[in-house]
Each structure stands twice: as C-alpha cells, then as structure tokens.
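Computed from the coordinates by the stated procedures, all read-outs in this text should not be read as laboratory data. Predicted model, so just to flag it, every value in this text is computed and none were measured. So basically every Cβ, Gly included, is an ideal-geometry build from the backbone, and we count neighbours across all protein chains shown.
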Amino acid sequence: MKRSNYKRLFKLFYGYRRWFLLSIILNIFFAAGALAIPALSAALIDYGILKGNFGHVLDIGFLMLIAAVIAGICQIANAAIAVWASEYCTHVLRKKTFEKIQTLSFGNIDRFRSSDLLVRLTTDIMNVKTAVMQTIMNLMQAPLLLIGAIIILHFTAQSLMWIIVSLLIIFTISLIIYFVIVEPAFSRKQKKIDGVNKALRETLTGIRVVKAFVRQQYEIDKYQGAINELKIAALRPQHVMAYLMPTVIAISFLGFGAVYYFGGVNVLSGEGLLIGNVTSAVQYILILMMPLMIIAIVLPFITQANASLTRIFEIMDAIPEISDPINPIQVNPDTVKGRVIFEHVDFAYRNENGEPEGEVLKDINLIAEPGETIGFLGSTGCGKSSLISLIPRFYDVTRGKVTIDGVDVRDMKQSTLRSIIGICLQEPVLFSGNIRDAITFGRSDMTDDEMIVASKAADVDGFVKNIPETYDGKVARRGANFSGGQRQRLSIARALATKPRILILDDSTSACDVATEARIQDAITDMMKNVTKFIVAQRISSVITADRIVLMEHGRIVASGTHTELLAENALYQEIYESQLGSGLHPGGAS
C-alpha cells in the first residue's frame with residue numbers, strides 16, 4: 001500500500017492500537033520460539049547425538065518442545081487478533097464510506113456512478129479486509145524472522161553468509177520487478193471490474209426493455225466485451241503473481257544446495273563449522289525463506305488492497321458540491337409562506353473535473369407566490385426538471401440566486417430547506433418494506449390518520465384496500481410489485497404526507513390515466529390551498545388547471561400565463577395543444 005494509505009488506515013483504528021501492540025508482542029515471541037529451534041537442534045546434534053550424551057538430548061529436546069509450544073500458542077492468538085481486526089476494519093470502512101456517500105451532492109454521485117460506488121463498498125473493502133488479515137497474521141512476522149535468522153547465521157555460520165546475501169539480492173530484484181509491473185496492473189483491473197458491473201447492472205435493471213426489443217444478443221455481446229477486457233487486464237498481474245512463488249521456492253532450493261555443498265566442504269576441511277552448524281544453517285535458510293514466501297503470498301493482497309484503498313479514499317476525500325453555510329440563516333419551517341423567486345438564474349451541470357459544462361438554464365426570472373400553482377411545460381431536455389431541482393438545492397446555480405421568502409437557499413441549512421419541500425421525483429423510487437413505510441418515509445412521527453389523508457389525496461387508498469394486508473402490504477425492491485401508476489401515486493402520497501410548504505411534482509403522473517390524474521390534482525388543490533406547487537409535465541392535461549403555465553424551450557422561459565392566455569396568444573403552446581388535445585385525444589398511462 002502507499003504510505004499515505006497505510007497512515008490513513010491506521011488512523012481509523014488508532015483507538016484500538018493496544019490490540020496491534022499485542023499482535024506485535026505475540027509475533028516477537030513467535031519469532032523467538034521459531035528461531036530458537038534450529039540453534040537448539042544444532043546443539044542437540046553436536047553435543048548430544050554425536051557425543052552420545054543422552055542427558056543433553058533430553059534437556060535440549062525439552063527446550064525445543066517449549067519453544068515450539070510458545071510459538072504455536074502465539075501464532076494461534078495472533079490469528080484470532082487478525083480475524084477480529086480485519087472484520088473491524090471492514091465494518092469501519094463500510095460505515096464511514098457509506099456515511100460519506102450520504103453527504104455527497106447529486107453532482108458528486110453523478111460522477112462516481114452508483115455501480116462504481118457499489119463495487120467500492122463491497123469488492124474494494126473486501127480486498128482491504130484480506131490484506132489486513134494477512135498483514136497481521138503473516139507479514140508482521142516476516143521482518144522479525146528475516147532479521148533474526150541473518151543475525152544468528154552471522155554468528156554461527158559466518159563463512160556461509162555470502163550465500164544468504166546473494167539469495168536476498170536475487171529476491172529483492174524479483175520483488176522490485178513485481179511491484180513495477182503489478183501495482184498499476186491492479187488499478188487497471190479494478191477499472192475493468194467497474195465496467196463489468198456497470199454493464200451487468202444496466203442489463204439487469206432494464207431486462208424488460210431488452211426482451212421487449214429482442215436485444216438479448218446485443219447485451220450478451222456488450223457484456224462479453226466487458227468481461228474480455230477484464231480478462232486481459234487481470235491476466236497480466238495474475239501471470240506475474242504466478243511466477244513469484246516459484247521464484248521464491250527456486251531461490252530456497254538454490255540456498256539449500258549451496259549451504260550443503262559449501263558447508264560440507266567446510267566441515268570436511270576442518271575450517272571451523274560443525275555438522276550441527278550446517279544443519280541449523282539449512283533450517284535458518286528455511287526460516288529465512290519463510291518470510292520471503294510470506295511476502296510472496298501476501299504481496300498480491302497488499303498490492304490489490306492498495307488500489308482498492310485509493311478508490312475508497314477517493315470517496316472519503318470527495319468534497320460535497322452542496323454544503324451548509326458556516327453561519328446559516330435560521331428559518332422556522334412553521335412560518336414559511338413559500339414565496340419562491342428565481343433571479344437571473346443560469347445553471348450548468350459539471351464535468352468529471354467539477355467544471356461547469358454547457359448551460360442548461362439561461363437567465364431564468366420567475367416569481368411563485370404563496371399558494372400558487374406553477375406548471376412547467378416544454379419538450380424533453382428543455383430544462384424543466386433542472387430548474388425545479390434548484391429549489392431544494394440538489395444543485396447550485398452557476399449565476400443568480402433562488403430565494404424562499406427572501407432567503408437565498410444557499411444561506412439555509414439543507415435539512416431545514418428540504419423539510420419544507422415535498423418532492424416527487426421523475427422516476428418514483430420505493431424502498432423494500434411495507435406500504436406504511438413507503439408513505440411515512442419522510443416523517444417518522446406521522447399518525448395513521450395523517451397517512452390515510454395523504455393516501456386518499458394521491459388516490460392510493462383505493463388500491464391499497466384491495467390488498468389483504470392493506471397498509472402493511474409488502475413493497476418489493478423498487479416497488480416492483482406495483483404498476484407504474486401505483487408507484488407514482490405512492491411517491492406522491494409520500495410527498496404530501498410531509499405537509500410541505502412547497503410541493504414539487506416532477507412528471508409524477510405520467511403513468512396515470514387522465515381520470516386518475518384529474519382526481520389527484522383536485523385532491524391536492526383542496527388539501528394544499530396555501531402550499532406553493534410546482535408541476536413539471538410533458539402533457540397539457542397535467543398543468544391545464546395551474547394558476548400559471550411556464551413554457552420552456554432550450555433552457556429559457558419563452559412564455560408564461562394561464563392555459564386560456566397561452567392558447568390564445570402563443571403559437572408554440574397552440575401547437576402542443578393541437579398535438580395532444582386538439583383532436584380530442586387525451587393521452588394517458590396505465591393506472
């Protein structure tokens with residue numbers, strides 16, 4: 001991992017540093033036990049077996065047994081800490097990353113993409129978990145065993161040290177080559193995983209459309225292309241990883257052969273080495289190779305976790321485009337009248353670098369009086385939804401300002417601002433649970449009577465009564481067990497139930513038939529006489545009763561007035577009217 005990633009990860013667990021300290025102590029005792037055994041075996045051979053001293057054999061054998069037991073107990077205890085620490089790491093990273101995502105603005109999330117965020121919250125965090133476990137359980141032992149073995153060999157078999165140094169040089173070169181090739185390769189692999197998940201998510205989400213247009217083969221080819229790219233990106237690091245372990249094993253066998261050969265020559269020539277020194281030197285080379293093997297095993301996990309941590313910290317480091325002011329103006333939601341003013345508003349969405357790119361709204365000037373119903377009409381992409389998204393401050397204007405009762409929305413706390421606004425988004429989103437949960441989502445203190453009033457206004461009560469469990473009936477993920485019109489009505493009921501001072505309905509009855517839409521409009525008018533209402537629509541029937549209809553084209557307001565006024569004076573409105581209602585056709589959706 002990059003050093004900065006290591007430091008940041010450690011800070012997350014700083015409060016639990018005593019457990020990491022205990023792990024270090026356990027690893028020290030394990031290393032001491034493991035390093036003592038070859039030295040004791042040398043003494044057992046030279047001063048016990050070869051000299052026929054049975055007492056020495058028993059004494060030294062007993063010490064070897066104690067060393068093995070100590071090493072084993074420490075290893076087991078350290079493994080338990082590794083499991084705990086890795087699980088805690090996963091928990092903390094998921095919690096903090098998810099909490100950070102909740103603070104991000106719409107613009108931030110647009111650039112990350114939901115499929116990408118999902119991979120970072122699951123696969124990337126699991127990569128970090130594995131690396132933490134392997135580091136504590138295995139990698140922390142490596143330097144202790146490595147340094148200890150070199151020191152002991154220096155004093156017991158100094159004439160063989162050149163073999164050890166040569167082996168370490170070969171291994172270090174192999175390790176450097178590995179790092180240079182694999183680390184960037186893992187980053188490329190993670191990006192390809194994002195591409196596979198994106199393709200999979202799009203296909204599964206739109207599977208009905210895929211089948212309806214007989215595009216299965218196209219989607220198969222698209223997914224095949226994504227997984228082929230992933231295969232190519234994954235093969236390079238996997239090949240290098242596959243070569244690393246055999247390299248370590250080859251170095252080990254080379255070391256064994258060299259020690260036996262040169263050590264044997266030394267013993268036979270009487271240059272100072274004993275048979276026990278040679279056998280212990282072989283064991284120390286085995287111990288020396290053990291941390292190298294550990295590094296070879298753990299390194300791929302750490303390299304992959306480094307790329308994953310970078311991606312996780314990208315989320316944590318993201319600066320929300322929308323944030324509360326340092327000194328917000330205090331607004332009492334109960335006293336808000338709902339006078340909304342757009343003053344010379346320009347707006348553009350931001351690119352991946354966070355820079356505004358291409359104006360969506362240009363010089364918008366509009367006043368909505370308390371209790372007034374404003375309808376927005378225009379072709380797809382003219383800026384209607386973008387305009388109303390500025391009221392709850394899902395995005396910030398690039399020029400001008402939006403005010404509520406004279407207060408710039410940027411000067412209000414987001415929680416206060418959104419508590420006075422009820423909004424039904426263009427695509428109704430329902431969470432799994434029951435119908436009661438779906439309607440009361442915006443207000444946990446809602447009574448059943450308040451919920452039923454909102455349900456009746458949104459024309460929900462009728463179809464809910466046909467469900468055996470009524471309001472305790474199940475809502476599947478994304479409301480999949482309801483029709484499009486029913487999902488929209490549940491979403492409208494959720495918005496009404498919050499008792500807002502400003503109500504925004506963004507094309508929220510497009511899947512309802514005209515009769516149902518008319519009932520909902522009448523109920524909302526009766527229920528929310530003093531609430532400022534903004535209705536975005538594609539069809540005139542949705543806004544025909546509005547106090548004022550705002551006609552938009554290419555990000556500008558081109559006309560404004562009542563239905564009667566626009567029908568008499570505006571050619572574009574007349575054209576829309578003729579295409580939709582002039583022939584007596586009233587387009588509608590499923591109920």
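For every other residue with a beta carbon closer than 13 angstrom to the beta carbon of ALA476, add +1 if it is Lys or Arg and -1 if Asp or Glu, then tell me the sum. Write down the numbers at each step before the final one.
On the way: positive: LYS474, ARG477, ARG478, ARG487; negative: ASP437.
It works out to a net charge of +3.
What does the charge dipole of the stretch 3-317 about its Cα centre add up to, to the nearest 20 debye, if the Cβ of each Lys and Arg holds +1 and the Cβ of each Asp and Glu holds -1? Could you put the intermediate results ahead of the total?
Working: 28 positive and 16 negative charges, 314 e Å.
Charge dipole, the stretch 3-317, about its Cα centre: 1500 debye, nearest 20.
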Task: Label corresponding to volume of the Cα convex hull per residue in Å³ when calculated from the structure given, among (1) 233; (2) 191; (3) 204 - done: (3)
Task: Per-selection metrics, the stretch 319-379 (Cα): Rg and Dmax in Å - done: 15.6, 40
Task: Residue (of PRO38, ILE176, SER389) at the positive-pole extreme of the chain, dipole from beta-carbon charges - done: PRO38
Task: Nearest-ten-degree value, helix 448-457 long axis tilted from longest Cα axis of the chain - done: 60
Task: Magnitude of the charge dipole, the chain, Cβ model with Lys/Arg +1 and Asp/Glu -1, debye to 20 - done: 1540
Open item on the list: If you fit an axis through the alpha-carbon atoms of helix 17-43 and take the longest principal axis of the Cα set of the chain, what angle between them do you get, 0 to 90°, nearest 10?
Closed with: 20
TODO: Give the cross-link partners of LYS337 among the lysines, using a straight C-alpha distance below 28 Å as the criterion and excluding same-chain residues fewer than 8 apart.
DONE: LYS362, LYS384, LYS401, LYS413, LYS456, LYS499, LYS529, LYS533
Open item on the list: Run the numbers for PHE98 and ILE28: contour at 0.36 nm per residue of separation, minus the present Cα-Cα distance, in nm.
Closed with: 21.5 nm
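At 0.36 nm per residue, minus the direct Cα-Cα distance, what do ASP547 and LEU254 gain on full extension? Give it in nm, one decimal, please. Numbers along the way, then the final one.
Values: separation 293, 0.36 × 293 = 105.48 nm, distance 8.92 nm.
Stretched out fully, the ASP547 to LEU254 stretch lengthens by 96.6 nm.
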TODO: With N set to the residue count of the stretch 34-169, report its C-alpha Rg divided by 2.2 N^0.38 Å to two decimal places.
DONE: 1.73
TODO: May I ask for the percentage of alpha-carbon pairs in the stretch 428-499 that lie more than 21 Å from each other?
DONE: 10
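Calculate the translational D of the stretch 442-591 in whole µm² s⁻¹ from Stokes-Einstein, where the hydrodynamic radius comes from the Kirkwood formula applied to all Cα pairs, the temperature is 25 °C and the viscosity 0.890 mPa s.
On the way: Rh = 16.7 Å.
Here the translational diffusion coefficient equals 147 µm²/s.
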Open item on the list: Just to confirm the number: angle between the C-alpha axis of helix 54-103 and the first principal axis of the chain, 0 to 90 degrees, nearest 10?
Closed with: 10
Open item on the list: Run lengths n ≥ 4 of DSSP H only: what is the helix-derived mean residue ellipticity at 222 nm for the chain, with -39500 (n - 2.57) per run over all residues, to the nearest 500?
Closed with: -19500 deg cm²/dmol
TODO: Note down the Stokes-Einstein diffusion coefficient of the stretch 359-441 in µm²/s, whole number, using a Kirkwood radius over alpha carbon pairs, 10 °C, and 1.306 mPa s.
DONE: 106
Open item on the list: Please list, ordered by chain and number, the residues whose modelled amide H lies under 5 Å from the amide H of ALA559; skip anything fewer than 5 residues away on the same chain.
Closed with: LEU551
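Quick one: putting +1 on the C-beta of Lys and Arg, -1 on the C-beta of Asp and Glu, what dipole do you get for the stretch 428-499 around its Cα centre, in Debye to the nearest 20? It would help to have the intermediate numbers written out before the result.
Working: 11 positive and 9 negative charges, 74 e Å.
So the dipole magnitude of the stretch 428-499 works out to roughly 360 debye.
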Open item on the list: I need the fraction of alpha carbon pairs in the stretch 3-317 separated by more than 34 Å, rounded to a whole percent.
Closed with: 41
Task: Set of the stretch 384-402 residues, backbone N closer than 18 Å to the point 7 Å along the Cα-Cβ line of ASP363 - done: 398-402
Open item on the list: Between ASP324 and TYR6, what is the label-point separation in nm under the 7 Å Cα-to-beta-carbon projection?
Closed with: 3.8
Task: For ARG399, distant residues with modelled amide H under 5 Å away - done: ASP346
Task: Two-site label geometry, GLU343 and ASP411: point separation in nm, points 7 Å out along Cα→Cβ - done: 0.9
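Could you calculate the FRET efficiency of ALA80 with LEU21 from 1/(1 + (r/R0)^6), where r is the beta carbon distance between them and R0 is 22 Å, rounded to 0.05?
Working: r = 15 Å, r/R0 = 0.69.
For ALA80 and LEU21, the calculated efficiency is 0.90.
Taking 0.36 nm per intervening residue step and subtracting the Cα-Cα distance, what contour gain separates GLU352 from GLU575 on full extension? Could you put the intermediate results ahead of the total?
Values: separation 223, 0.36 × 223 = 80.28 nm, distance 3.85 nm.
Full extension from GLU352 to GLU575 adds 76.4 nm.
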TODO: Would you work out which of ALA307, LEU235, LEU286 lies farthest towards the positive end of the dipole of the chain? Charges go on Cβ: Lys and Arg +1, Asp and Glu -1.
DONE: LEU286
Task: Farthest positive-ward along the chain dipole, Cα basis, beta-carbon charges - from ILE295, MET527, VAL550 - done: ILE295
